[in-house]
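The values are calculated or read from the model by the stated rules, or taken from the named source; none is laboratory data. Predicted model only: the values in this text are computed from it and were never measured. A quick note on method: Cβ atoms are made from the backbone with ideal geometry, for glycine too, and the neighbour counts reach across all protein chains shown. All accessible areas refer to the heavy atoms of the entire protein, side chains included, with ligands and DNA or RNA removed. Shrake-Rupley method; radii C 1.70, N 1.55, O 1.52, S 1.80 Å.
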Amino acid sequence: MFGKLAADALGLSDLGTIIKPKDFDKTDSDDYVMHEDGETIYFLIKSKTDEYCFTNQALIHLDGTSAISKKRMLRRFPYSTHKITEVALETAGTVDLDIEIKFSIGPHHYSIDVYKKHLEEVKDLYKALQKIAEIMHENEVALEYARQSLESAQNTLGRVAGIQADVANQFKEINQYTFTWLTESKEKYVVKDFGKVFEKFINN
């Protein structure tokens, strides 16, 4: 805590600020948003070295090595392939300058320090990420149930298949049915766009 206070006094603090929607297009992250595919920014945290851009489709992280370096590392984490877990919010103590929003996205863990004056906005982000994590977990369970159901059906079909059956055609039909089932299950349970969740919880 005292290290953070000293760093802030020296102008070295890297606490994040919440960017308002009217200023989204002034950030570097906006250049990497796939507007052409309907991607939209819903929440953006900017510090001296980093930008954390939450869109309806992905987290875009522009990682700066230092406040004085122009080198940036761009990372993009689509929600469809990176599960959000371990969402937490650490509020500020009496003398603290910051709050922390914490979460994991896929194998990557983030703990983002934000000025405590932005607590209400960060609460909105916390609720949105918590809801997305809940939906992802429920869909993961449902998708596994769908796979188990398909496997059970295949085993049953295999046992009742007639000895004189046309094996080649039967294999083709089963293979096509399996592919269709898995494709439809993935489209149903793997969400690529969480715009409705952000619209429900983000009030900035």
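Brief remarks follow.
- Taking amide H as placed 1.01 Å from N in the peptide plane, the amide H of ALA58 sits under 5 Å from that of TYR79, each at least 5 places away or on another chain.
- For segment 25-107: lysine pairs under 27 Å (alpha-carbon distance), excluding those fewer than 8 apart on one chain: 15
- Amide hydrogen proximity for GLY16: with H placed 1.01 Å from N in the peptide plane, the residues at 5 or more positions away or on another chain lying under 5 Å are ASP113, VAL114, TYR115.
- The stretch between GLU144 and THR180, if pulled fully straight at 0.36 nm per residue, gains 11.4 nm over its current Cα-Cα span.
- ³J(HN,Hα) computed for each position of segment 17-32 - Karplus, 6.51 cos²θ - 1.76 cosθ + 1.60, integer Hz, glycine/proline x: 10, 7, 8, 6, x, 5, 10, 4, 6, 8, 8, 5, 4, 4, 5, 10
- The figure for THR180 is an accessible area of roughly 50 square angstrom, using a 1.4 Å probe on the protein chains alone.
- Annotation: TYR115 carries an accessible surface of approximately 70 Å², with a 1.4 Å probe and no ligand, DNA or RNA atoms counted.
- Segment 63-142 shape via C-alpha gyration tensor axes, a/c threshold 1.5: oblate
- The stretch between LYS71 and THR40, if pulled fully straight at 0.36 nm per residue, gains 8.6 nm over its current Cα-Cα span.
- Within segment 47-147: Cβ-based charge dipole about Cα centre, in debye rounded to nearest 20 (Lys, Arg +1; Asp, Glu -1): 460
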